[in-house]
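S.K.: Just passing along the structure, written as structure tokens.
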Amino acid sequence: MGTWGFGPFDNDTAADWAGDLHEAAQAERVKVVRATLERAAGAHGDVEYSTAVEAIAAAAVVAIHSPGGEKFVSIYGPDFVEAGERLDLPDGMLVLALRALDRATSAESHSTELWAEAGLLAEAMAAMKSLYDLLEYGGAVHPDAGEQLALFDDGSVG
């Protein structure tokens, strides 16, 4: 696994997912994003590394479609996004992205565990908080927002 930063697409797994999303037929892209978010949001117990980082990337794709989301556009993200193409996201995608991001950055997430082991949890959570805040600003009301933001506020897990 190669990781070079804390952005949503700054690791091999997320960048590969973004490439697969770009290669998907235009009519299938929303389905790919939704399925990725649902996989993380519905995870019980441990959240595997690939599930977590792909969900973070999918949440960034949703965020890019919100006011201020252009800061998450990346050369490692889907090429169609960098080119300015938009997805027609259905209602509920912001809430789903927030739920998936909650699970992807939870104490049960292998990505969070790896950040903690590397001594990089505070930096990683700061980057994730930026994504979380933009999704929340995009109009979603998330029932567990206070609990998740407590994790971000002190940079600790659990």
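The values are calculated or read from the model by the stated rules, or taken from the named source; none is laboratory data. If you're wondering where the values come from, they're calculated on a predicted model, not measured in any experiment. Positions of Cβ are generated from backbone atoms using ideal geometry, with glycine treated the same way; all protein chains shown enter the neighbour counts.
S.K.: Looking at S106, S74, which is the one that is crowded, with 20+ Cβ neighbours inside 10 Å and in contact with a Gly (Cβ under 7 Å, 6 or more places away or on another chain)?
M.R.: Of S106, S74, the one residue that is crowded, with 20+ Cβ neighbours inside 10 Å and in contact with a Gly (Cβ under 7 Å, 6 or more places away or on another chain) is S74.
S.K.: While we're on this one: In region 98-127, which residue that is among the acidic types (D, E) and out of contact with any strand residue (DSSP E or B) (no Cβ under 8 Å at 6 or more places or on another chain) is nearest to S66 (Cα to Cα)?
M.R.: Result: D102.
S.K.: List every residue pair whose Cβ atoms lie under 7 Å apart, where the two residues are 6 or more positions apart in sequence or sit on different chains, the first residue falls within region 42-55 and is on the phi > 0 side of the Ramachandran plot and surrounded by 24 or more Cβ atoms within 10 Å (Cβ to Cβ), and the second residue, located anywhere, is among the charged types (D, E, K, R) and part of a strand (DSSP E or B).
M.R.: Listed by first residue and then by second, the contacts come to nothing, as the list is empty.
S.K.: Considering only residues that are among the charged types (D, E, K, R), part of a helix (DSSP H, G or I) and either closer than 18 Å to A63 by Cα or in contact (Cβ under 8 Å) with a residue 40 or more places away in the chain (or both), which ones fall in region 1-29?
M.R.: Across region 1-29, the qualifying residue is only R29.
S.K.: Identify the single condition in (1) more than 22 Å from E38 (Cα to Cα); (2) modelled with pLDDT under 90; (3) of a type in the set (A, V, I, L, M) that L134 does not satisfy, given that it satisfies every other one.
M.R.: Here L134 clears every test but (1).
S.K.: Then there is this: Here are the criteria: (1) in a helix (DSSP H, G or I); (2) in contact (Cβ under 8 Å) with a residue 24 or more places away in the chain. Tell me which single one L89 does not satisfy.
M.R.: For L89, the failing item is (1).
S.K.: What tally of residues in region 77-86 results from selecting those that are outside any helix (DSSP H, G or I) and surrounded by 24 or more Cβ atoms within 10 Å (Cβ to Cβ)?
M.R.: 2
S.K.: Would you confirm, using the coordinates I've provided, whether H65 is more than 14 Å from the chain's Cα centre (by Cα) and either surrounded by 17 or more Cβ atoms within 10 Å (Cβ to Cβ) or not hydroxyl-bearing (S, T, Y) (or both)?
M.R.: no
S.K.: Part of a loop (DSSP other than H, G, I, E, B) and not basic (K, R), is that true of G45?
M.R.: Judged against the criteria, G45 is a match.
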